[in-house]
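The structure appears right after this line, and notes come after that.
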Amino acid sequence: MNSLDLTKLPDYLKHQRWFSGKAWPIKHVTVMDHATIESGGCAFSLAVVEVVYELGSPERYLLPVQPSSEGVRDALESDECMRGLFDLIRAGGQVASAGGHVQGEWIAAPDNLLALPSPPSVRRLMVEQSNTSVVLGEQVILKIIRKLEAGVNPEHEVGRFLATKTSFRATPVLLGALHLEGAAGATLAVAHRFVPNATDGWKYTLDRLREERAVGPRFLTQMRELGMRVGELHLAFASATEDEPAFTPEPLLQEDLQRWSASIVGELGVTLAEAGRLHPDLEGRREALIDSAKRLAQVPPAGQKIRIHGDLHLGQVLRANDQWLIFDFEGEPARSFTARREKYSALRDVAGMIRSFDYAEATVTLEGGTPHERVGPMREAFVEGYRQVTRGAAFLPSDEATFDVMLRAFELEKLLYEVRYELQNRPDWVRIPVSALLRMEASK
């Protein structure tokens, strides 16, 4: 690191699209750990830095950098350096760092033996803000995690579990990862099998809704299949044995239901206080919505808590080769790794996807399309597919009434989050979840 001008790091960070602290004055930047990576014609420093701001909490970032006349240059702008990073993963290699070591991990499953060209082509994807993603040889997608968090990375943990402990393959398979071991330990990168010609589920659904006045049998069959894939994912999670404690199902207790119910009631109070000024008609629904949340605490505890996707919506699924794939197991970005790894009711994922259908329909309407009653049939088809593959599963309540009460409560929880998010970020869109809240009460 001696050849790098550390005084240039604050200015360098401010100009990176993945750096989230652009708006805050930086007090100082400290190198927590670093290693020198040498592969082929490329040598660079892999540094973990801590950014301390004048106000707020410090953040850690991964900087693969080389010295330049300006002070610092991103090493991953070089195809050779990018290949070098991937080679370290594929070889399961280890490189000493100042405080520990950088460890490559390749998951040795038979279907992970890739016939990559040598050298593999490098194609950068410009869609993400918080990470850097590249496609290697059109077979591997390598995501370099720029903003780091201490602890177990759920995307790596879930991907590894699905790839090595289950037969679930409706996901881009995790191939390997890069970890920093030591005091500043973190997962630095993950490599998945690349799925060519895939369309994300959000875009795919919007295109269908723009084309069809009413959802036809073919699209409803696809929604049913999506429900089946989500059900199969939950079955895979619930298959964990006691030697996988992070995934082993746990009994769902009355105190879990009471805690979740109380949390939703609390969120309801905060949300109506914020939204009520713009939408006074919500106030008249307060008692009915509180009753909906409280009913969650009153049902008999049935089922189990399992690992779930945690941030499931149409943007987290892909449509490729007439099949659905589920991906992006990072969980909600605003929550800590510990919170994202909590076991929960599987119906929380189901509620998240259902809310996504309402957003898709509302988006097409906001574009000027004619509103149609298409969310109901989509929802019914999705839930029908989900129930078809999970019938009798130990992690779900066995009776319909409890299933419905729990699903409704988690939909309400998601709606309240949406109202707060839209008020803060897109006030023009807040009518989407507000309308759904009003409908929810009316359909009781």
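The values are calculated or read from the model by the stated rules, or taken from the named source; none is laboratory data. Note that this is a predicted model, so its numbers are computed, not measured. FYI the Cβ positions are ideal-geometry reconstructions off the backbone, even for glycines, and counts take in every protein chain you see. For accessibility, only protein heavy atoms count, side chains too; no ligands or nucleic acids. Shrake-Rupley method; radii C 1.70, N 1.55, O 1.52, S 1.80 Å.
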task: Considering every residue within the stretch 294-312, establish whether at least one is among the basic types (Lys, Arg), open to solvent by less than 30 Å² (accessible area, probe 1.4 Å), assigned to a loop (DSSP other than H, G, I, E, B) and within 30 Å of Ser20 (Cα to Cα).
output: yes
statement: Residue set Arg208, Arg229, Arg213; condition surrounded by 13 or more Cβ atoms within 10 Å (Cβ to Cβ), closer than 25 Å to Gly376 by Cα, of a type in the set (D, E, K, R) and modelled with pLDDT under 95; output residue Arg208
statement: Considering residues that are under 19 Å from Asp79 (Cβ atoms) and either free of Cβ contacts under 8 Å to residues at least 24 places away in the same chain or not hydrophobic (A, V, I, L, M, F, W, C) (or both), the number found within the stretch 37-57 is 6
statement: Across (1) surrounded by 22 or more Cβ atoms within 10 Å (Cβ to Cβ); (2) modelled with pLDDT under 95; (3) under 23 Å from Pro217 (Cα atoms), Tyr386 clears everything bar (2)
- prompt: Is at least one residue of the stretch 215-227 in contact with a strand residue (DSSP E or B) (Cβ under 9 Å, 6 or more places away or on another chain) and under 30 Å from Leu148 (Cβ atoms)?
  reply: no
- prompt: Is at least one residue of the stretch 56-70 among the aliphatic types (A, V, I, L, M), touching a Gly at 6+ places or on another chain (Cβ under 9 Å) and either open to solvent by less than 30 Å² (accessible area, probe 1.4 Å) or under 30 Å from Phe168 (Cβ atoms) (or both)?
  reply: no
message: Checking Glu400 against (1) over 23 Å from Arg307 (Cα atoms); (2) open to solvent by 20 Å² or more (accessible area, probe 1.4 Å); (3) modelled with pLDDT of 90 or more, only one condition comes out false. Which one?
response: (1)
Residues (under 17 Å from the mean Cα position of the chain (by Cα) and either surrounded by fewer than 21 Cβ atoms within 10 Å (Cβ to Cβ) or among the hydrophobic types (A, V, I, L, M, F, W, C) (or both)) located in the stretch 180-192: Leu188, Ala189, Val190, Ala191
message: From the list Glu373, Glu384, exactly one residue is free of Cβ contacts under 8 Å to residues at least 24 places away in the same chain and under 21 Å from Tyr204 (Cα atoms). Which is it?
response: Glu373
- request: Can you work out which of the residues in the stretch 403-430 that are more than 23 Å from Tyr344 (Cα to Cα) and out of contact with any Leu (no Cβ under 9 Å at 6 or more places or on another chain) is least open to solvent (accessible area, probe 1.4 Å)?
  value: Glu422
message: For the stretch 233-266, give me the residue count where each residue is of a type in the set (Asp, Glu) and either touching a Lys or Arg at 6+ places or on another chain (Cβ under 8 Å) or crowded, with 21+ Cβ neighbours inside 10 Å (or both).
response: 3
- prompt: Looking only at residues in the stretch 144-165 that are of a type outside the set (A, V, I, L, M) and open to solvent by 20 Å² or more (accessible area, probe 1.4 Å), which one is farthest from Ile308 (Cα to Cα)?
  reply: Lys147
- prompt: Do you know which residues across the stretch 12-30 are without any contact (Cβ under 8 Å) to a residue 24 or more places away in the chain and assigned to a helix (DSSP H, G or I)?
  reply: Lys14
statement: Ile290 fails exactly one of (1) open to solvent by 10 Å² or more (accessible area, probe 1.4 Å); (2) in contact (Cβ under 8 Å) with a residue 40 or more places away in the chain, namely (2)
- request: With the condition kept exactly as written, say whether any residue in the stretch 221-230 is of a type in the set (Ser, Thr, Tyr), in a helix (DSSP H, G or I), closer than 26 Å to Val434 by Cα and out of contact with any Asp or Glu (no Cβ under 8 Å at 6 or more places or on another chain).
  value: no
- prompt: Is there a residue being free of Cβ contacts under 8 Å to residues at least 12 places away in the same chain and either farther than 24 Å from Leu253 by Cβ or among the basic types (Lys, Arg) (or both) anywhere in the stretch 349-364?
  reply: no
- request: May I ask you to list the residues in the stretch 80-94 that are open to solvent by less than 30 Å² (accessible area, probe 1.4 Å) and either at pLDDT below 90 or out of contact with any Asp or Glu (no Cβ under 8 Å at 6 or more places or on another chain) (or both)?
  value: Cys81, Met82, Leu85, Phe86, Leu88
message: over 23 Å from Leu412 (Cβ atoms) and part of a helix (DSSP H, G or I): which single residue out of Val383, Val389 fits that description?
response: Val389
